[in-house]
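Peer 1: Structure below; questions to follow.
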Amino acid sequence: MDDTDAPGGSPDFQRRLSEIRQDPQVISLAFRWAGHRELAEDALQTAYYRVASVQHPERIVNLRAYFLRTLKNEITGLYSPRQPVVLVDDLEALNPPQPGSPLYGPAYEPAVDDQACRALQTQIWLERHAAQPDSILAGIPARSDDPGRYRTLAYALVKPVLLGHLSLEANDPDFPKAIRAAYPEYFDQSGAAPNTLHQRISRARDDIKVLLRAIIKPDELF
């Protein structure tokens, strides 16, 4: 079956899906997950057809992640034929399941190859971060009395976030500690109201999230 035989979706959707299907990184992942070239090729083609046949493709927020999840499910089904095959539907697109949920079965530790692929993707993001400091810095608001210092700090904190050493979750205490230690005159200013300091940290967190969106393409999140 040729890729162009798959039904459904707009021409742009089919084009993007075909590009993902033929992406060397995606193909490499399929080979690693399947451990066999023919199984990987079968899974790639079946996953392509399943995603291309989704009833409401416009509801898929992250097409690359959706395809990879479908591909992984298909490969798992090839290895475990007695287990029910997970069918792709728009409910999954609207409410992506978490690893360890019934849709995925038991949670497993990431394979070494998966970790290597993620490390490679992280390296690409770090290179983008390092390659365009001026354009990234220009997009950071002037929040403090020393805009240059604020922007430099926000830019610098992107790296540990990308490496997974620092979380931007609102309930994670490490981010406030790190940003206060780096710029106490603003984020731990003497005499400032606690609510004011909290807002400054919250805005800095949001600014860093904006920087991350400038570095990471939506279809690279999977």
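Taken together, the values in this text are just the output of simple stated rules run on the coordinates, not laboratory data. Since we're looking at a predicted model, the values are computed, not measured. Please note: Cβ atoms are built from the backbone with ideal geometry, for glycine as well, and neighbour counts cover all protein chains shown.
Peer 1: Could you name the lysines whose alpha carbon sits less than 28 Å from that of residue 217, not counting residues in the same chain fewer than 8 places away?
Peer 2: 72, 159, 209
Peer 1: What nm value, rounded to one decimal, do you get for the distance between residue 198 and residue 145 when each label is placed 7 Å out toward the C-beta?
Peer 2: For residue 198 paired with residue 145, the spin-label model returns 2.5 nm.
Peer 1: What FRET efficiency do you get for residue 169 and residue 58 if R0 is 41 Å and r is their Cβ-Cβ distance, rounded to the nearest 0.05?
Peer 2: The formula returns an efficiency of 0.85 here.
Peer 1: Between residue 182 and residue 23, with labels modelled 7 Å along Cα→Cβ, what's the label distance in nm to one decimal, could you check?
Peer 2: About 2.8 nm separates the two model spin labels.
Peer 1: Let me ask another. Note down the net charge around residue 179, summing +1 for each Lys or Arg and -1 for each Asp or Glu among other residues with Cβ under 15 Å from its Cβ.
Peer 2: Taking every Cβ under 15 Å from that of residue 179, the sum is +2.
Peer 1: Points 7 angstrom from Cα along the Cβ direction at residue 131 and residue 10: gap in nanometres?
Peer 2: Rounded to a tenth, the inter-label distance reads 2.9 nm.
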